[in-house]
Amino acid sequence: MAVLKFTNSKSSLKKLAQYITSDEKTEDKLISGKDCMAASAYDEMITVKQMFGKRSGRQYIHLVQSFDVRDQVSYRKAHEVGRELAELFTGFQVLLATHKDRRHVHNHLLINSVNFETGLKYQQSKEDMQNIKSMSDYLCREAGLSVIEHKGGEYISRAEYKAAEKGESWKFRLMGMIDSGLAAAKTKEGFILFMELHGYGVKWMDSRSSITYTTPEGLKCRDDKLHDKKYIKEEMENGFIQDGHVQSSEPAEKRSIRSGRGIAGNHPEIGGDSERDGRFDSRNQKDSGQQRIGFTGNQHIAGTDQSTGRKNKRIVRPDDRSR
């Protein structure tokens, strides 16, 4: 599952630019610039800062976009997804590098903190950060890559994000096993048997509102803690019914797992109904001389123009009158 995180590095802009573009991490064809040349990105960013007298304070924003090893994403595709994400930062120069030095492919996005159109500095709230993560998820789904689905706006802890990047989280291993069980079993009972054969306990009772899993290590987890609504008990049961699967009444010792089609993944639109059609927006704050990036409720997220069939990923640019 693809994850996006904002890092808090203490490195200088120059050192970080050198790090993400180093030969040990990547190669020239996997390095690009948005609103700047990759080879001279640092110098161009400094020029913008000097133009507006913004050499002090925060110098950059650093994002790391990591992809699930199970997706087997190519370096080229990962880079293209990163380029689309970079385009969302209207008016900001971005240096993008796709790293291939680890088991999981990941992008580094180094964003100038000063907008070259308005001279305003980048600023964002926790809500804005989550909106950008949602846009990353959207772009990944468009590219056919898996993402972490959030239930009810629940945030995933930083520790889980780091573990997910490395494919080491027991919770993500559990989710992967559940996916395998849904693909292999035609019935609820067959699914439970599949999980038990792989060392996972499943407490799935009519009298309980949720399913509780026990991992081979003895760790317990309820279905509503798995970050994706498709794992909720009601969704699981509906999936078996919609697929035409009738729960088996055979004795446990006679049950067998038969190959079949599992539950189709449910991927709700970004931000729910209220933000389903919200366009990514850049908003200026005159009082602080800073610029926020986020959504507004009545604007449109990147979508598809039904009349032309073309995807609409235009970003609203800042109002020039705020300079």
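What follows is calculated from the coordinates using simple rules that are stated; it is not laboratory data. Nothing here was measured: the structure is a model prediction, and the numbers come from that model. Cβ placement follows ideal geometry from the backbone for every residue including glycine, while neighbour counts extend to all protein chains displayed.
Rounded to the nearest 20, the Cβ-based charge dipole of the range 1-144 about its Cα centre (Lys and Arg +1, Asp and Glu -1) stands at 520 debye.
Set the Förster distance to 51 Å, then compute FRET efficiency between S56 and M205 from the Cβ-Cβ distance, nearest 0.05.
Details: r = 61 Å, r/R0 = 1.19.
The pair S56/M205 has a calculated efficiency of 0.25.
Would you mind pulling out the separation of the Cα centroids of the range 90-105 and the range 168-222, in Å? Cα centres, the range 90-105 to the range 168-222: 35 Å.
With +1 assigned to the C-beta of every Lys and Arg and -1 to the C-beta of every Asp and Glu, and no other charges, what is the dipole magnitude of the range 12-81 about the Cα centre in debye, to the nearest 20? Display every interim value, and only then the final one.
Numbers: 12 positive and 10 negative charges, 77 e Å.
Rounded to the nearest 20 debye, it is 380 debye.
Placing +1 on the Cβ of every Lys and Arg and -1 on the Cβ of every Asp and Glu, with nothing else charged, gives the range 71-136 a dipole about its Cα centre of roughly 300 debye. Think of the range 1-75 as a dipole: +1 on every Lys or Arg Cβ, -1 on every Asp or Glu Cβ, centred on the Cα centre; then among Q18, Y42, Q59, Q59 lies furthest on the positive end. Pairs spanning more than 22 Å between alpha-carbon atoms, out of K25/K77; K14/K77; K188/K229; K10/K225; K203/K233; K171/K233: K14/K77; K10/K225.
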